[in-house]
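Engineer: First the structure, then my questions, so here it is.
Only the coordinates and a few stated rules stand behind these numbers; no lab work does. All values reported here derive from a predicted model rather than from experimental measurement. Positions of Cβ are generated from backbone atoms using ideal geometry, with glycine treated the same way; all protein chains shown enter the neighbour counts.
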């Protein structure tokens with residue numbers, strides 16, 4: 001009697017050891033970068049290198065242990081990649097602090113990194129099943145909106161650098177609630193779209209080769225559009241406005257599979273942008289700078305193209321190989337620690353460094369999208385897709401802005417720019433992706449097959 | 001949903017692709033333009049990134065780059081000797097440089113093609129390339145003596161001393177001067193302020209009077225007229241007789257040419273040597289009118305006046321005997337007045353030419369240039385500039401100029417035990433204005449080690465300034481410094 005050969009179900013490997021090795025590699029790269037800065041500036045290895053390196057290594061080891069315990073099947077690449085970007089950001093901020101760039105503080109950023117890792121761990125430990133978030137769809141939506149409008153509230157809202165996007169919490173400091181709002185809104189979008197996607201996908205009239213949605217289904221997109229315009233008008237925050245609207249369109253498209261939504265979204269965006277450009281001086285100014293950054297008059301103007309040009313000068317000076325860490329003059333770029341950390345990095349690490357950096361971002365996004373595709377339920381797919389897309393979209397908006405590919409709108413560079421809010425929010429975002437990737441890669445409970453065979457117990 | 005997710009993934013790929021393309025375009029294609037943009041302050045920092053070479057003279061360091069340890073302005077230019085050498089070293093300002101700093105800039109900052117080998121070695125040994133060191137021909141003792149003597153009691157003027165046999169410039173002083181340290185700070189605003197102040201100063205401290213400005217040379221030019229006369233007839237000598245009236249009638253004018261102070265010149269018929277010793281005007285006016293414009297002008301050209309523009313390596317303002325006019329003008333020009341305009345350097349070259357038996361050597365300031373490791377890149381090669389007069393004429397002139405110091409107007413320049421030759425000059429500038437006081441000389445006459453020209457500018461040495469009283473004693477102290485007395 002022949003036994004039918006049973007194909008063993010291929011299990012995704014956990015690759016925990018590989019992850020640890022890559023994590024260590026990322027930390028070593030960062031430590032080398034620290035040493036590099038010190039050697040270039042003071043001709044000696046900075047005294048804080050071990051402190052910085054060991055703290056970063058310690059935090060990441062903690063994050064790794066939490067991940068290994070609470071999300072053992074998670075994608076092994078995400079954490080090391082994020083560690084590398086976060087670490088390079090720390091080095092750049094340390095380097096800018098060394099040349100006394102305004103506001104740069106490596107210690108503060110290291111502290112925020114620690115808090116970020118804590119939040120990452122807490123998220124993984126508390127949120128055992130991310131699908132619980134689906135039940136909080138409308139709560140998340142309400143929280144998102146509240147966070148988004150909180151800077152407009154009297155007393156706590158603060159106006160910094162012409163944008164009203166900060167709130168001041170006594171004892172804690174300043175926070176940029178929009179960074180957390182984007183997470184809550186994506187949870188809301190995902191939950192909402194999962195529930196309504198069948199309706200939104202219904203075809204209305206057919207125009208040329210595109211199925212238009214029914215007019216009455218336009219409500220949600222118009223509401224989000226309205227809110228984005230509100231953010232733009234009331235808070236003068238072009239970046240967040242574009243970020244949220246774009247992400248919503250992408251998620252709407254993923255959920256409904258309707259290209260028409262993308263077209264409607266683009267039309268609404270272009271309409272809004274033209275309107276804003278005509279009505280608001282600061283939006284108009286951004287367009288002018290974008291079209292002609294080298295214009296001497298715009299260069300001289302307050303709020304003109306000088307900042308952008310300084311960034312471009314920095315990148316040009318860096319050239320292919322860069323000046324080397326600690327050997328350029330990134331301090332010349334206004335806001336080099338936040339919005340313009342990318343050109344600052346470009347000056348010292350050159351095209352080579354920037355390509356590697358973009359590649360790392362692209363890989364993080366790719367791991368996220370892979371998680372989304374591997375996910376087993378629509379909510380997870382949408383949530384993972386939305387989170388991955390917003391990361392890519394944010395990198396595109398800010399990096400495209402500072403390299404004059406698109407008009408400049410202020411946003412932080414994820415994991416690199418100095419600032420607690422963005423770092424914390426992004427670490428939570430990564431925790432969510434890790435949680436979902438764990439769920440997606442975890443082998444489903446296997447049915448006992450071939451019940452006729454004798455089961456062998458091994459001791 | 002997977003199909004749309006894949007499309008979104010494609011969109012993300014496209015976004016990253018665009019970013020990467022754009023970064024490549026910026027840092028690869030447009031980099032050169034953006035780097036060279038005048039608004040890119042990094043160009044300004046780059047100036048301070050290299051350790052510029054030193055400028056030295058003898059054992060003195062005149063200019064050096066000091067490592068400040070700062071990341072923005074790494075090396076600061078310092079001039080330990082400050083004002084004394086400013087007309088030579090120049091300054092290294094945030095946006096410009098001057099004098100030697102300018103003329104030898106590419107060697108000092110290490111970018112010159114002559115340093116290619118050094119740079120290649122540095123590339124392989126991972127050393128930071130330093131600029132080449134420039135050693136000057138300046139004799140610090142002479143320079144300092146001249147600065148001290150000329151600068152005393154608020155005089156303005158210039159002095160150039162040359163080694164007659166080589167053309168090496170031993171001293172070049174221009175007073176008033178400035179502190180190059182103030183113009184070489186790495187701070188545009190501060191430097192612009194300091195530089196504006198110097199530029200608007202009516203005493204023109206930034207002007208190198210020794211080479212960048214011409215003055216009427218007065219009676220010191222009589223040696224040229226004398227040279228032309230001696231060259232015109234080989235039988236003439238120091239004891240030959242010439243007419244020396246109290247006043248020389250100038251044809252076609254109502255004016256006539258008097259002697260200095262209207263004095264008589266001997267008995268009205270004197271030897272050539274006597275005419276030079278007493279610096280009588282009338283015999284020289286007459287000689288010039290007899291020889292004609294061309295003869296004097298040719299002789300002037302043979303001394304290098306009005307020829308190819310000189311660079312030492314700083315460009316030298318052209319000296320000029322003046323255009324051909326009438327006889328009256330020629331008579332005045334031949335005693336160093338009218339449109340006759342000379343730089344102190346040119347007058348020093350004339351003295352040096354006579355001292356060097358008629359051969360004028362090309363003047364130069366740079367003795368040697370060596371890379372940071374001491375490897376020689378170039379060293380001075382003395383070059384004949386012109387042959388101004390025959391050896392015979394030169395000897396006659398030497399004899400007469402020694403007489404000027406021993407018996408004539410320049411007795412203040414006598415140095416015990418050394419035969420000093422010289423010629424004073426007191427150049428009138430304008431009616432009612434004080435004259436410039438001149439003195440040219442060389443010593444020792446039998447084996448000249450130094451030839452110099454000194455000019456004390458009008459108005460800075462009193463209304464009775466004269467070559468003999470004002471200028472000769474200063475020249476004496478410089479010669480003593482060089483001759484070690």
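Engineer: For q values of 0.15, 0.24, 0.26 Å⁻¹, compute log₁₀ I(q)/I(0) with the Debye formula on a Cα-only model of the range A:76-145, without solvent.
Structural biologist: With no solvent term, the Cα-only Debye profile gives -0.71, -1.03, -1.09.
Engineer: Kindly give Rg over Rh for the protein assembly as shown, based on alpha-carbon atoms, with the Kirkwood expression for the hydrodynamic radius.
Structural biologist: 1.24
Engineer: With axes computed from alpha carbons, what is the tilt in degrees of helix B:293-302 against the longest principal axis of chain B, rounded to the nearest 10 within 0 to 90?
Structural biologist: For helix B:293-302, the angle is close to 50 degrees.
Engineer: Something else now. Which order, highest average first, do A:350-363, B:348-361 follow once you tally other Cβ atoms within 10 Å for each residue and take the mean per peptide? Could you put the intermediate results ahead of the total?
Structural biologist: Details: A:350-363: 19.7, B:348-361: 27.3.
Highest mean packing first, the order is B:348-361, A:350-363.
Engineer: Per q in 0.10, 0.15, 0.21 Å⁻¹, report the Debye log10 I(q)/I(0) for the range B:142-253, using one uniform scatterer on each alpha carbon and no solvent.
Structural biologist: -0.55, -0.90, -1.20
Engineer: In what sequence do A:115, B:456 fall when counting other Cβ within 10 Å, fewest first?
Structural biologist: Final ranking by Cβ density, sparse to dense: A:115, B:456.
Engineer: I need the shape label for the range B:367-485. Rule: rounded when a/c is under 1.5, else prolate if a/b > b/c, else oblate, with a, b, c from the alpha carbon gyration tensor.
Structural biologist: Prolate shape, in that a/c is at least 1.5 and a/b is the bigger ratio.
Engineer: Suppose R0 equals 45 Å; then what is the FRET efficiency for residue A:352 and residue B:188 from their Cβ-Cβ distance, rounded to the nearest 0.05?
Structural biologist: Approximately 0.85, to the nearest 0.05.
Engineer: Once you put a point 7 Å from the Cα of residue A:257 and another 7 Å from the Cα of residue A:111, both along the Cβ direction, what distance in nm separates them?
Structural biologist: 5.1
Engineer: Thinking of the range A:314-452 as a set of Cα atoms, what percent of all their pairs are more than 26 Å apart?
Structural biologist: Summing the P(r) of the range A:314-452 above 26 Å gives 36 percent of all pairs.
Engineer: Another one. Return, for the Cα atoms of the range A:26-93, the radius of gyration and Dmax in Å, separated by a comma.
Structural biologist: 13.5, 44
Engineer: Under 1.5 on a/c is rounded, so check that first for the range A:339-387, then, if it is not, pick prolate when a/b is larger than b/c and oblate when it is not; a ≥ b ≥ c are the square roots of the alpha carbon gyration tensor eigenvalues.
Structural biologist: The shape class here is prolate.
Engineer: Which order do the peptides B:330-339, A:263-272 come out in when sorted by mean C-beta neighbours inside 10 angstrom, highest first?
Structural biologist: Descending packing order for the listed peptides: B:330-339, A:263-272.
Engineer: Just check the range A:263-328 against the gyration tensor rule for me: Cα atoms, a ≥ b ≥ c as the square roots of the eigenvalues, rounded for a/c under 1.5, and otherwise prolate or oblate depending on whether a/b exceeds b/c.
Structural biologist: Note, shape of the range A:263-328 comes out oblate.
Engineer: Still on this structure, please answer the following. What FRET efficiency, computed as 1/(1 + (r/R0)^6) with R0 = 60 Å and r the Cβ-Cβ distance, is obtained for residue B:233 and residue B:433, rounded to the nearest 0.05?
Structural biologist: 0.95
Engineer: If you line up the long axis of helix B:188-200 against the longest principal axis of chain B, both from Cα atoms, how many degrees apart are they, to the nearest 10?
Structural biologist: 20
Engineer: Give me the log10 of I(q) over I(0) for chain B at q = 0.09, 0.12 Å⁻¹, as the Debye formula computes it from C-alpha points; what are the numbers?
Structural biologist: After summing over all Cα pairs, the log10 values are -0.65, -1.00.
Engineer: Follow-up question, since we're still on this one. Report the paramagnetic label zone for residue B:381: residues of the range B:111-131 whose backbone N is under 17 Å from a point 7 Å from Cα along the Cα-to-Cβ axis.
Structural biologist: The answer is B:114, whose backbone nitrogens lie closer than 17 Å to the label point.
Engineer: Only counting other Cβ atoms within 10 Å, I'd like B:396, B:6, B:423 sorted with the fewest neighbours first.
Structural biologist: By the 10 Å Cβ count, ascending, the order reads B:6, B:396, B:423.
Engineer: OK, next. Let me confirm one metric for peptide B:41-51, namely the mean number of other chain beta-carbon atoms within 10 Å of its residues' beta-carbons.
Structural biologist: Mean inter-chain Cβ contacts per residue within 10 Å come to 2.
Engineer: May I ask you to derive the FRET efficiency for residue B:7 and residue B:70 from their Cβ-Cβ distance with R0 = 56 Å, giving the value to the nearest 0.05?
Structural biologist: So, using R0 = 56 Å, E works out to roughly 0.60.
Engineer: Each label point is 7 Å from the Cα along the Cα-to-Cβ direction; what then is the distance between the points at residue B:256 and residue B:36, in nm?
Structural biologist: Calculated label separation equals 6.9 nm.
Engineer: Right, something else. Using only helices, what value at 222 nm comes out for the protein assembly as shown when you add -39,500 (n - 2.57) per DSSP H run of length 4 or more and divide by the total residues, to the nearest 500 deg cm²/dmol?
Structural biologist: -16000 deg cm²/dmol
Engineer: Compute the angle between helix B:344-355 and the longest alpha-carbon principal axis of chain B, please, reported from 0 to 90 degrees and rounded to the nearest 10.
Structural biologist: Approximately 60 degrees, to the nearest ten.
Engineer: Along the principal axes of its C-alpha atoms, what lengths does the range B:202-261 span, in descending order and rounded to whole Å?
Structural biologist: Principal axes ranked by extent give 47, 34, 22 Å for the Cα atoms.
Engineer: Could you compute how fast chain A diffuses translationally, taking Rh as the Kirkwood radius over C-alpha pairs and applying Stokes-Einstein at 10 °C with viscosity 1.306 mPa s? Give it in µm² per second.
Structural biologist: Stokes-Einstein gives a translational diffusion coefficient of 67 µm²/s.
Engineer: Simple spin-label model, 7 Å along Cα-to-Cβ: residue A:142 to residue A:118 in nm?
Structural biologist: If labels sit at residue A:142 and residue A:118, their model points lie 2.8 nm apart.
Engineer: Now, a different point. What translational diffusion coefficient, to the nearest whole µm²/s, does the range B:150-195 have by Stokes-Einstein, given a Kirkwood radius computed over alpha-carbon pairs, a temperature of 25 °C and 0.890 mPa s viscosity?
Structural biologist: Answer, rounded: 188 µm²/s.
Engineer: What does the structure give for A:366-379 when I average, per residue, the other chain Cβ atoms found within 10 Å of the residue Cβ?
Structural biologist: 2
Engineer: Another one. Arranged from highest to lowest average of other beta-carbon atoms within 10 Å per residue, in what order do the peptides A:299-311, B:471-483 appear? Walk me through the numbers on the way to the answer.
Structural biologist: Numbers: A:299-311: 19.3, B:471-483: 23.9.
By packing density, highest mean first, the sequence is B:471-483, A:299-311.
Engineer: Additional query: For peptide A:287-299, how many partner chain Cβ atoms fall within 10 Å of a residue's Cβ, on average?
Structural biologist: Per residue, the average neighbour count from other chains is 1.
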